[in-house]
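Peer 1: Here it is, the structure in full.
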Amino acid sequence: MICKSHAIYCLHLLCSLLLLLCSCLHYCAARDTITARNPINNTSNETLISDGKRFELRFLNISGQSSSRYVGIQYYTWRPPEIVWVFNRDNPLPDSATGFFGIKNGSLALWDESGNIYLSTSLGSSRSTAKLLDSGNLVVRDDQSGKSLWESFNNPTDTFLPGMNMNANLKLTSWAGPDDPKSGNFIFQQNEDVKNGYIVFKSETDTVHWKSRGPNSFDNYNNLYDAVAVFLSPSNSKSSKTISVPVRNNNNSRLLMHSIGQVQYFIWIDGKTGSSGWSLIWFEPRDGCSVYNACGDFGSCNINNNNRSLCKCLPGFKPMSQDSWDSGDFSSGCTRKSAICGGDKEMFLNLNMMKVGKPPDTLLSEVQNEMGCRKECLDNCQCHAYSFNEASNPRRDDPRHGCWIWKSVLNDLQEEYATDGHNISVRVVASSIGSTNRSCKTCGTNIIPYPLSTGPNCGDPMYFNFSCNYSTGQVSFQTLGGTFQVININPETRKFVIEVNAKDRCGAKNSKPKYLQLSPSSPFNAPDSCHGGMQSGNGNDVEFDWNSPPEPLCTSAINCTDWPNSSCNATRDVKGRCHCNANYQWNGTALACTQVRFGGSGQSGSSDLKTRVILLVVLFMFVLLCIISLIFCKRRMAARRQESRERREGSQALRMYDMERNVKNLIDSSEFKEDDKKGIDVPFFDLESILEATNYFSDENKLGEGGFGPVYKGIFPGGQEIAIKRLSSHSRQGLEEFKNEVVLIAKLQHRNLVRLLGYCIKGDEKILLYEYMPNKSLDTFIFDRTLCLSLDWEKRFDIILGIARGLLYLHQDSRLRIIHRDLKTSNILLDEEMNPKISDFGLARIVKGKEIEANTMRIVGTYGYMSPEYALDGLFSVKSDVFSFGVIVLEIVSGKKNTGFYQSKQALNLLGYAWRLWNEEKALDLMDQTLVESCNRGEVLKCINVGFLCVQEDPSARPNVSNVLSMLTSEAATPLPNPKEPAFVAKKWISFGPSSSFDKPETSSSNNELTVSTEPGR
């Protein structure tokens, strides 16, 4: 009996344990619901996962938003996990707070551990449950009635998913940027004026950015992809007032209102035999001309041109705001040069293959031919343009047949539109397009001004290099080497622009490109060289001009009526020219005979002639005297230079003992002479070999550009790759930097310093050649969230030691004592094996003998790396470089920029944030999270400690570089000194840019001179 009772007891105990285990497993399993009692929080990494594991609701980690947290929904199994909805896009939770998301006091809410509500939406029920469905919809229902109280599908952000109802109240608002989920500048919604139409508004300017268009009574144009139309189309139920798409039909699709202003339609491609991912199927606007009314009223858009020539006014029109057009903003459109119905002669411009945004206002179906349509337009002062469509069948019952009239402005025009383009005729005043009886008629939207000629019966025969395709409205220009499309003609400046493809660009060194091959007698002037073009997206835009023409050709006096005060001198068999009458002369610029003004009498005219002759003689004698004086001065200066050179050669032995002073004097000199080459220890390269190595400084070889000038990659014979720095003529500090580098680096040789390979001086060209670094600069790696993964802790520690060894050589071991003054991560270059090399000695300074500090009236450097005594008082020393080194060490450990790191509440930079962690004994929290697995914690703490010792405010408290290297490499257990509070722990100044220089004021009332320059990585 006792055994039986014992067995029953054991059985009960086993059942209880099984129930408890099941309960724990159920709790630990993924859930898809939230109640008032079990919100999710960001510290335990809790999430909601839909029943079919398609979607997940969680606290999101959005790239670029490290200081903020958001609650949102994203795809669960598909990678990358695209975010489709954000609850608190405009009310982020601080990263330092513990956040909770759930049902609180009858509302769906986000709050922190202190109970502060960041965002809530009232539900109208005290007992409810939120559930994440497999459609991606977060639905909150009343626990008693089961009624839906709130749905995320009714409150979308930037994404439309299958199952949503596209009604008049639903709007998709873009993100502010690719990594910023707050409400952006573009809103996608239904177009209430058009059935099944959609529109994108630009909220910043409250303007229309894009409109969908469907077929209408005038054309069949449709810019809405069929699959998107189905995705957003109404359901089959006629009684439904909303647009609904079943989940089963499009469950692998989504529509995104992107932050760049594009509506994008994606489909998930399940690559069973290949890679899977989202495929972009359709997007609008697809180009510059697809933006709604991109060129404004009466402006024509041509996508075949580059952005500089994307828009132009129709002939007879001018920009409404010339300043806006010059800046690239064409939205203000164009206005007529002369009003119609003003009594002046009028004509029509025939524009072919045009897309017109606004359909015509009136259809006159009873008009049977184009002449009748033209007359109807001329008789109506409100008519701006017409289009006559022939019937497509003999019975003339085509609904689009007839005379279409535009009484309102023409907008959203696009030329060379092959699909569903229309031929329209625009009404203009003849005088507004500068038409004469010898002018060629307009070609599409292009005016062909006199004397340019597109045929034998117009223009001047000397200028017959043009042709017009009247079916497309394209103008072409013919040279001896080929035919090229003309994209712009400017009659006022007598210039035109052609488009040159890549195959027609410069070829061999001495070969002449096709577009420059003109006949010797041609009146057109090409660029001086094949590098005279302006780079564009598809090739080169090459600008030509034309010479002023002679008097117009004529066969009779009728041909000269457009040129008053002229007469035709033609004979019966030979053409003549409209020669100007007496007292008039031909003005080729004004294309007119202008009056010649003489003196009041013959005696006065003779006196004026004598005066002019005397003035010319005096001027000639003055110029001759100046030339003789210049020659004399040059010879005297040459003699003095020869004497000086002989004196320098006689004291060569003495100068060998004073090399340090000689180098400093050469750097401080105001110019760089050819004779100075003798004091330089690196090879001299000729300019021709550099031009060939860089393909004549082509953009394809350009690596970047800094305050010194552009940097190019050169490939010399044998495949040797060399980085080439070219002194910019606009650089303010370029000459001084050039002298610093070519003279200073030649004296420095160390494995952790960039090696100068040569230089070139020829005319205005000053060029440096140094070893090519394929991995560019250190900042490229440590501040990039992807590239930083290639730098584990061992490699970062080696880089720190390498920088310290290079700095020690500059301060102590080299023949010259050098203070760098601009040490920063972008000036640390990495070779193929990721070894660091200090570069950019343009701002470096030499200090004499055993001196370790100096003063300057001109402060140069980079904010965030400058020591306080240098930034505020102009005092620089080896300890200034030590301060910069300390900042670099902390940046390498943390992976964060000093000047780009902020804590919103404390307004701290990286130094301040790191100091706070140090005082809280949380120094390891400063470490880049990508180093958690590879780091040596002892070395990390040692580097942080040394970094703080280097950035102390008092220069005397900072260690010198030899002590820094000793502390970093020592394996002894001796504790390091405790650092004092670093300088600039809080951001107390406004940063004007990555690299700045300014003059110290002499008095309190003087104005500082400030210049800013950017220095891209190489």
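Peer 1: Taking only the C-alpha atoms, wrap a convex hull around segment 683-772 and report its volume per residue in Å³ as a whole number.
Peer 2: Measuring per residue, one finds 102 Å³ for the Cα hull of segment 683-772.
Peer 1: Quick one: order Glu939, Glu765, Glu700 by neighbouring beta-carbon count within 10 Å, fewest to most.
Peer 2: Glu700, Glu765, Glu939
Peer 1: I would also like to ask the following. Going by how many other Cβ atoms sit within 10 Å of their own, how do Glu692, Glu499 line up, fewest first?
Peer 2: Taking fewest neighbouring Cβ atoms as first place, the list is Glu692, Glu499.
Peer 1: Label-point separation (nm) for Glu953 and Ser276, each offset 7 Å from Cα along Cα-to-Cβ?
Peer 2: About 5.8 nm, to one decimal.
Peer 1: Which entries in Lys766/Lys896; Lys182/Lys897; Lys211/Lys312; Lys634/Lys747 show an alpha-carbon gap greater than 27 Å?
Peer 2: Lys766/Lys896; Lys634/Lys747
Peer 1: If you don't mind, another one. Work out Dmax and Rg for segment 706-830 from the C-alpha atoms and quote the Rg first, both in angstrom.
Peer 2: In order Rg, Dmax, the Cα atoms of segment 706-830 give 15.7, 48 Å.
Peer 1: Quote to one decimal, in nm, the extra length available between Ala168 and Met637 on full extension: 0.36 nm per residue of separation minus the C-alpha distance between them.
Peer 2: 160.4 nm
Peer 1: Separation between the Glu390 and His258 pseudo-spin-labels, each 7 Å from Cα along Cα→Cβ, expressed in nm?
Peer 2: 4.2 nm
Peer 1: Which order results if Ser183, Ser44, Ser962 are arranged by neighbouring Cβ count within 10 Å, fewest first?
Peer 2: So the ranking, lowest neighbour count to highest, is Ser44, Ser962, Ser183.
Peer 1: Note down the net charge around Val200, summing +1 for each Lys or Arg and -1 for each Asp or Glu among other residues with Cβ under 9 Å from its Cβ.
Peer 2: In short, +1.
Peer 1: Another question, if that's okay. Order the peptides 352-364, 742-754, 460-472 from the highest to the lowest mean number of other Cβ atoms within 10 Å of their residues.
Peer 2: Averaged packing, sorted descending, gives the order 742-754, 352-364, 460-472.
Peer 1: Here's another thing I want to ask about it. Over the Cα atoms of segment 34-141, how large are the radius of gyration and the largest Cα-Cα distance (Dmax), in Å?
Peer 2: My reading of the Cα-based Rg and Dmax gives 13.2, 38 Å.
Peer 1: Taking the Cα atoms of segment 553-595 alone, what are Rg (to one decimal) and Dmax (as a whole number) in Å?
Peer 2: Reported Rg and Dmax, both Å: 10.1, 31.
Peer 1: Which value in nm describes the separation of the simple spin-label points at Lys104 and Glu920, placed 7 Å from the Cα toward the beta carbon?
Peer 2: Spacing of the two 7 Å Cα→Cβ label points: 2.2 nm.
Peer 1: List the trypsin sites (Lys or Arg not before Pro) within segment 155-217 that DSSP assigns to loop and that have no more than 16 neighbouring Cβ atoms inside 10 Å.
Peer 2: Passing both the DSSP loop test and the Cβ count: Lys171, Lys195.
FYI, it's all coordinate maths here, none of it is from the lab. None of the values given here were measured: they were computed from a predicted structure. All Cβ positions, even for glycine, are placed from backbone atoms using ideal geometry, and neighbour counts span all protein chains on display.
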